[in-house]
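The values are calculated or read from the model by the stated rules, or taken from the named source; none is laboratory data. This one's a predicted model, so the numbers in the text were calculated from it and none came from an experiment. Ideal geometry is used to build each Cβ from the backbone, glycine not excepted, and the neighbour counts take in all protein chains shown.
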Amino acid sequence: MTNTDQPRRSCLTVPGSSARFLAKARGLAADEVILDLEDAVAPAAKEEARPQVTAAIAATGWAAKVRAVRINGVATQWAYRDVIEIVEGAGTYLDSIVLPKVSDPAHVVWLDLLLHQIERAAGLPPGKIAIEAQIEDASGLATVEAIAAASPRLAALVFGPADFMASLGMRSLRIGAQPAGYTGGDAFHYAHLRILVAARAAGLQAIDGPYAAIGDLEGLARASASVAALGFDGKWVVHPGQIEQVNTAFAPDQASYDRAELIIEAYEHATSARRLGAVTLDGEMIDEASRKMAMVAAARGRAAGLTRMSGRRPDATQSPG
Ligand code: GLV
Ligand code: MG
């Protein structure tokens, strides 16, 4: 039981040590809010951030948002207490734990087992709390398929560009932006595609990491549109001003949604009423694979609240091929 089907177009990270930001996040339009105990919280503030985050998760006013907490990585002294305090204190309201710096499937297995123990002790439904694994270094990417299959609780793989750029030695200090001077295309393409393939092979969502230049909405739009076109489900945002742009980039536009519904309807008509498996629709061949692609786009559109505007009847004809 995981929350793989919940929309995660925009995933807003909020420092767990900031009471003001924690209070504000509940009313924003992000699909998911990630209350951070890791890199946005100074070591000296880690322990006092836990009760603040616990109280924020248990507060009212979250609407349908995914409520997540990013704990510290398994190599730190904070990770186990992060899990125990947050889940014992607010497990009923918590949807997901984001596990950073996952470089081995054993990290996910550790969290899965600890969650089982706390769920049992606290009387929570087993498997209630999902895991989102951040892939953000060379070891994590090299073993990403095994990480994706490490627990039935996994709901998503999340790319972490900042740690990843540091791990590889990319010559850039701008999180999520292309390294200046690189002429080989998109410097993140290999990582994105590997994460996407591993996620889909395990039935998980694929989420892109943050774009740190808050004022550069054009750069954010470009980065979001590129991974959305590749197939990613959403992207982290680090500021409320980035939410709308990212929600728009990951929701299908009305014309694509209408087209997807039309393909599904036309293909259903062709296969059941006419017993044809390949037909043309508006001059383009459609077959069972087209239906599958259309099902993905239609599901995303419905999840984003779109309804069909164009009610044209399917007029597919038999394909010559
Ligand atoms: C996010 O955690 C990143 O490292 O980019
Ligand atoms: Mg990171």
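Points worth noting:
- Some residue of the stretch 16-29 being in contact (Cβ under 8 Å) with a residue 24 or more places away in the chain and closer than 21 Å to A156 by Cα: yes
- Top-ranked residue of the stretch 148-184 - restricted to ones that are in a loop (DSSP other than H, G, I, E, B) and hydroxyl-bearing (S, T, Y), ranked as nearest to the chain's Cα centre (by Cα): S151
- The set of residues from the stretch 129-147 being within 16 Å of ligand 1 (Cβ to nearest atom) and either out of contact with any strand residue (DSSP E or B) (no Cβ under 7 Å at 6 or more places or on another chain) or part of a loop (DSSP other than H, G, I, E, B) (or both) comprises E136, D137, A138, S139, G140.
- Some residue of the stretch 105-117 being within 16 Å of ligand 1 (Cβ to nearest atom), surrounded by 15 or more Cβ atoms within 10 Å (Cβ to Cβ), at pLDDT 95 or above and under 29 Å from G219 (Cβ atoms): no
- For the stretch 132-168, the tally of residues that are more than 16 Å from ligand 2 (Cβ to nearest atom) and not hydroxyl-bearing (S, T, Y) stands at 10.
- Among the residues of the stretch 282-308, those that are free of Cβ contacts under 8 Å to residues at least 40 places away in the same chain and part of a loop (DSSP other than H, G, I, E, B) comprise D282, G283, D287, G305, T307.
- Residues considered: T271, T307. Of these, the only one that is touching an Asp or Glu at 6+ places or on another chain (Cβ under 9 Å), farther than 30 Å from L22 by Cα and either assigned by TED's automatic domain parsing to the domain that holds V66 or not hydrophobic (A, V, I, L, M, F, W, C) (or both) is T271.
Listed here are the residues, each with its yes/no results for (1) modelled with pLDDT of 95 or more; (2) farther than 26 Å from V102 by Cα; (3) buried (at least 20 other Cβ atoms within 10 Å of the Cβ); (4) in the same structural domain as F159 (by TED's automatic domain parsing).
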| position | (1), (2), (3), (4) |
| --- | --- |
| R20 | no, yes, no, yes |
| L28 | yes, yes, no, yes |
| E32 | yes, no, yes, yes |
| E38 | yes, no, yes, yes |
| I71 | yes, no, yes, yes |
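- Filtered residues of the stretch 81-102 (kept if in contact (Cβ under 8 Å) with a residue 60 or more places away in the chain and within 16 Å of ligand 2 (Cβ to nearest atom)): V98, P100, K101
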